[in-house]
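Asks: Encoded as structure tokens, here's the structure I'll be asking about.
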Amino acid sequence: MDTPDLFTRCLGYLPALLDGALNTLWVAGVGVGCGFLAGILLHRLLSSTNPWFSRPARVYVSIIRGTPVLVQLLVCFYLPSALGVEVPGLLAATIGLSLNSAAYQSQILGAGFAAIPRGQIEAARTFNLSRSQTLWHVEVPQVLALTLPALVSEMIDVVKASAVVSVISVTDLMRVGQQLSSSTYRPLEVYSMAALCYLALTSLLSLAAWVCQRRLARR
Amino acid sequence: MQEFLELLPRFAVAALLTLELSLAGAALGLAGGFLLHLFRLGGGRVFALGCGVYVWLLRGTPFLSQLFIVYFGLPVLGLRLSAPEATVVSLAFYSAAYFSEIFRAGWAAIPRGQIEAAHAFGMTSRARFCHIELPQALAFALPLLANQLILVIKESAVASIITVPELTMTTSNIIASTYSYVMPYALLIAGYWLLTQSVAWLAQQAARRIPFLRTPS
């Protein structure tokens, strides 16, 4: 059996790795998306004047930010099954990443909400918009535009953090790398290729963040 | 309660290992990051470009993939490290990239006028470095450095995947042998939370108590 040279071999890994990269992007994207909505809710709770809401929210943010993502994912995956509810790996991964990202995004969004002039909210109230209308039609669009660069770099963090979902049997980029490595017995090149795929993803995202930043600065 | 008391010693040992791995990795990374930063300051274009590429590579890839390259990949080249060694080495390479960026931010925060003034007073470049730049840059960077140590502690959980018996691995072992989930996971979360919170607290105290670390406000 003739072995193809290094370059051809590395090209051969690409289709499977790209498949895994798509899964990684999907899990991270859903995580950041759900994390955004949960982050808005969390921000509301954090800025509530009622300590029964704000205190648990603060504890939640502190615990999420003070523990590793891996631990959060393991808890999301194994704890429900211990209580008798089977959660598939993919679902546990997206829930875990959403819960994680919500805590970080609540901090990012907080800065965005603080930047909206009070007058706008008062004006919206005067025009008889309900509180949820004010939130979704006046505040959230502006907050999104203001914090987009920071949210894209949060997405970069989540893409990198999502590498550990391979542990709860999600076939993401890292998992595909592990499978290729155990079938080819060439861990160095396979894992280097996987790392390069991550590098491509994060570099493209940071390019996107840079473009957002430029757009924002021009306004 | 009984379960709690039975598990506590094993968790304490595991938390100590997590702390040791993270401190060793972060200390080496701190030194490496400082060297990288010095190269960037005074090493010319080629060095600066090399350091930039290093930072880009290490910050653009997940720590898990770096750990796998070191632990599973390097033996191909004849360098075989044990799991804890591979963890410390990877943590050092990983955090050096972040530390060098923190030092860069610290140096960027020094007002240019001060360096010009030091020149005007005829200070040697070494005296300027030690007495003007370093103390201010460190005072600026202290919260960021502490935050990076917290990130390293959290990232060290990944070492459980290559079977280093630190906090996360120990918890998985306990769960596998006792089939009890709630208490071990609660202790695991509490363990990491206490470690990271104490680092944050220590950094706060240092910023308040140690004179030259006090940020002028």
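Here, each number is a calculation from the coordinates, and none is a lab measurement. None of the values given here were measured: they were computed from a predicted structure. We place every Cβ from the backbone using ideal geometry, glycine too, and count neighbours over all the protein chains shown.
Yes/no per residue for (1) without any contact (Cβ under 8 Å) to a residue 12 or more places away in the chain; (2) closer than 23 Å to A:ALA163 by Cα; (3) hydrophobic (A, V, I, L, M, F, W, C):
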{"site": "A:LEU73", "(1), (2), (3)": "no, yes, yes"}
{"site": "A:ALA82", "(1), (2), (3)": "yes, no, yes"}
{"site": "A:THR94", "(1), (2), (3)": "no, yes, no"}
{"site": "A:ALA111", "(1), (2), (3)": "no, no, yes"}
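Asks: Exactly one condition in (1) among the basic types (Lys, Arg); (2) over 30 Å from A:SER162 (Cα atoms); (3) in contact with a helix residue (DSSP H, G or I) (Cβ under 8 Å, 6 or more places away or on another chain); (4) without any contact (Cβ under 8 Å) to a residue 12 or more places away in the chain is false for B:ARG126; which is it?
Replies: The one condition B:ARG126 does not meet is (3).
Asks: Here is a follow-up. Do we find that A:THR8 is under 29 Å from A:ALA200 (Cα atoms), of a type in the set (Ser, Thr, Tyr) and crowded, with 21+ Cβ neighbours inside 10 Å in this structure?
Replies: On the way: under 29 Å from A:ALA200 (Cα atoms): yes; of a type in the set (Ser, Thr, Tyr): yes; crowded, with 21+ Cβ neighbours inside 10 Å: no.
Answer is no for this residue.
Asks: Quick check, is A:SER153 farther than 14 Å from A:ILE40 by Cα, of a type in the set (Ser, Thr, Tyr), in a helix (DSSP H, G or I) and in contact with an Asp or Glu (Cβ under 9 Å, 6 or more places away or on another chain)?
Replies: no
Asks: Condition check: surrounded by fewer than 21 Cβ atoms within 10 Å (Cβ to Cβ) and within 12 Å of another protein chain (Cβ to nearest Cβ). Does A:TYR198 satisfy that?
Replies: no
Asks: If you don't mind, another one. Filter segment A:73-87 down to the residues that are surrounded by fewer than 15 Cβ atoms within 10 Å (Cβ to Cβ) and either in contact with a Pro (Cβ under 8 Å, 6 or more places away or on another chain) or more than 10 Å from every other protein chain (Cβ to nearest Cβ) (or both) and list them by number.
Replies: Listed by number, the residues that qualify are A:GLY84, A:VAL85, A:GLU86.
Asks: Quick check on this structure: which one of A:LEU129, A:LEU180, A:LEU188 is over 23 Å from A:ILE63 (Cβ atoms), part of a loop (DSSP other than H, G, I, E, B) and hydrophobic (A, V, I, L, M, F, W, C)?
Replies: Details: A:LEU180 fails: part of a loop (DSSP other than H, G, I, E, B); A:LEU188 fails: part of a loop (DSSP other than H, G, I, E, B).
The match here is A:LEU129.
Asks: Also, quick follow-up: Restricting attention to segment B:119-128, does a residue exist that is buried (at least 19 other Cβ atoms within 10 Å of the Cβ) and assigned to a helix (DSSP H, G or I)?
Replies: So far as segment B:119-128 goes, no, none of its residues is buried (at least 19 other Cβ atoms within 10 Å of the Cβ) and assigned to a helix (DSSP H, G or I).
Asks: Counting residues that are closer than 20 Å to B:GLU166 by Cβ, which helices (runs of 4 or more DSSP H) fully inside segment B:1-113 reach at least 2?
Replies: So the answer is B:2-42, B:63-68, B:83-108.
Asks: On the given criteria, is B:VAL158 touching a Pro at 6+ places or on another chain (Cβ under 9 Å) and either in a loop (DSSP other than H, G, I, E, B) or acidic (Asp, Glu) (or both)?
Replies: Values: touching a Pro at 6+ places or on another chain (Cβ under 9 Å): yes; either in a loop (DSSP other than H, G, I, E, B) or acidic (Asp, Glu) (or both): no.
Against the criterion (touching a Pro at 6+ places or on another chain (Cβ under 9 Å) and either in a loop (DSSP other than H, G, I, E, B) or acidic (Asp, Glu) (or both)), B:VAL158 does not qualify.
Asks: Separate question: Considering every residue within segment A:157-172, establish whether at least one is more than 14 Å from every other protein chain (Cβ to nearest Cβ), surrounded by 17 or more Cβ atoms within 10 Å (Cβ to Cβ) and in contact with a Ser or Thr (Cβ under 8 Å, 6 or more places away or on another chain). Break it down stepwise before answering.
Replies: Keep residues of segment A:157-172 that are more than 14 Å from every other protein chain (Cβ to nearest Cβ), which gives A:171.
Subsequent filtering for residues that are surrounded by 17 or more Cβ atoms within 10 Å (Cβ to Cβ) retains A:171.
Then drop every residue that is not in contact with a Ser or Thr (Cβ under 8 Å, 6 or more places away or on another chain), which leaves none.
Checked against the condition, which is being more than 14 Å from every other protein chain (Cβ to nearest Cβ), surrounded by 17 or more Cβ atoms within 10 Å (Cβ to Cβ) and in contact with a Ser or Thr (Cβ under 8 Å, 6 or more places away or on another chain), segment A:157-172 yields no hits at all.
Asks: I've got another one for you. Kindly list, by first and then second residue, each pair from a residue in segment B:66-78 that is within 8 Å of chain A (Cβ to nearest Cβ) to a residue that is among the aromatic types (Phe, Trp, Tyr), limited to pairs with Cβ atoms under 8 Å and residues at least 6 apart or on different chains.
Replies: Final answer for the pair search is B:GLN66/B:PHE93; B:GLN66/B:TYR94; B:PHE68/A:TYR191; B:ILE69/A:TYR191; B:PHE72/A:TYR191; B:GLY73/A:TYR191.
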